[in-house]
Every structure is written in C-alpha cells, then in structure tokens.
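First the structure, then my questions, so here it is.
The values are calculated or read from the model by the stated rules, or taken from the named source; none is laboratory data. All values reported here derive from a predicted model rather than from experimental measurement. Virtual Cβ from ideal backbone geometry, glycine too; neighbours counted across all protein chains shown. What goes into the accessible areas is simple: the full protein's heavy atoms, side chains included, and nothing from ligands, DNA or RNA. Shrake-Rupley method; radii C 1.70, N 1.55, O 1.52, S 1.80 Å.
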Amino acid sequence: MKKIIAFIVALVLLVPAYADAANKALEKARNKELKTKLKEYKKGKWEILGSRTLEFSLAKHYDRLNELGDDGHEVEGISTRTKSKNTGKQMAINNAAITYAQEAGSSLQGRVVADMNANGADPAGEFDNFYAAYERLVEKEIRNELEPSYSIIRTNPDGSFEIRSYFIVAESAAAKARQRALESAMKDSELAQKHADKIAGFVKESFQE
C-alpha cells in the first residue's frame, strides 16, 4: 500500500514538470515560427498596415491562435492592386470571406458526392444551384465571425498597393454560421431537403478536418 501511495505522489509531482516542459516546447516552436514569418515578410518587403509593429502584431496573432487551440484557424484575404490603402483593405476582407465560403462549399460538395456515390447515386449537376446558394450565404454569414488580426502591405512597381489581411475564426462560431447558411440554402432546394439530416451533419463538421 505504501508503495502505491509513493508512486501516486511521485506521479502527481511529475505532472507539473511535464506540463512545464510541454509549454516551453510550445513557446520555443512559436518563437521559431514567428522569426521565420518575420524573415519571410521582410524579404518580401512587406510592412505592417497600422500603428503597431510587425513583431507585436504577429506575436498577438499567434497568442490568439494558441488561446483558441483546435477551435481557431487563420483565414487570409488578398488585394493585389489598388491605388487606395482603405479600398485595398476592404477588398482583402471581401476576399477572405469569399475564400472561406468557397472552401466550405467545396468541402460540403466533396462529402455529399462521396456519400452519394458510396450509396450508388450520382449527384453530379443535381446540387449545383444548392452549392452556389450555400457558398453565397456562407460568405454573408461568416463576415461577422472574421476576427481581424493584422494586415501587411507593400508597394507594386506601378505605385499601387498589394495588401494581405489575416483573420482568425473560431470554428465553434463558424459552424453556427454555416448552419444558418445551410438552413437558408435548403429552402430553395427540394433535393437538399430530402437529404437534410445527412447534409446538416456534414456542415456541422469542421471542413478543415
């Protein structure tokens, strides 16, 4: 009995040490990633768009992703050639929402097609209008879930600006946004309504899995 108690005590004492080692390893990996990204940006002649430094903005970005853990992921929006910084930043926001919506739509389509084919059906073409409506509605819904993180800018040879804006999305909130989009898209698709439960299940899953 004494040996068991001694083992449990030793185990309890070791847990904080393992946790501390894991945290240090994570911090080291994050710092390495931060330095690599800074080097990449500086080589590409990117500058921060805003009053903060690039180093601070990146560190805060990674802190937020670390805070959210598996629930958080990054979304990038790009504007390649504008004469106005404000216009470019708005275009980057629009691009981020469109990019997310297209990824969500492609993921849903892939899962529906795979499931239908597995059951001996060929849904090619039958769901096209539904997919298009779903993507359009996801784009609308996800805008409220895009958490602005930082934007970088560089000047093109012709004097126009190229901007990349980065956002963080919490998957738990994004799943609800996709569900709202699905409910609206299904209203105009009888075929989707017939498979409502299965499609709803696909939408609830993270499309990045």
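Out of all the residues in region 77-115, which are touching a Phe, Trp or Tyr at 6+ places or on another chain (Cβ under 6 Å), modelled with pLDDT of 95 or more and within 21 Å of SER172 (Cβ to Cβ)?
ALA96
When only residues in region 74-100 that are open to solvent by less than 20 Å² (accessible area, probe 1.4 Å) and in contact (Cβ under 8 Å) with a residue 60 or more places away in the chain count, which is farthest from ALA196 (Cα to Cα)?
Checked region 74-100; the qualifying residue farthest from ALA196 (Cα to Cα) is THR82.
If you go through region 148-188 one residue at a time, how many are in contact with a Gly (Cβ under 9 Å, 6 or more places away or on another chain) and acidic (Asp, Glu)?
Matching residues across region 148-188 total 2.
Taking region 80-120 on its own, how many of its residues are under 16 Å from the mean Cα position of the chain (by Cα) and under 20 Å from GLN179 (Cα atoms)?
Residues flagged as under 16 Å from the mean Cα position of the chain (by Cα) and under 20 Å from GLN179 (Cα atoms) within region 80-120 amount to 13.
Here is a further query. I'd like the full set of residues that are under 21 Å from ILE93 (Cα atoms) and hydrophobic (A, V, I, L, M, F, W, C), limited to region 31-55.
Residues satisfying the conditions are TRP46, ILE48, LEU49, LEU54.
Looking only at region 44-66, count how many residues are of a type outside the set (Gly, Ala, Ser) and free of Cβ contacts under 8 Å to residues at least 40 places away in the same chain.
5
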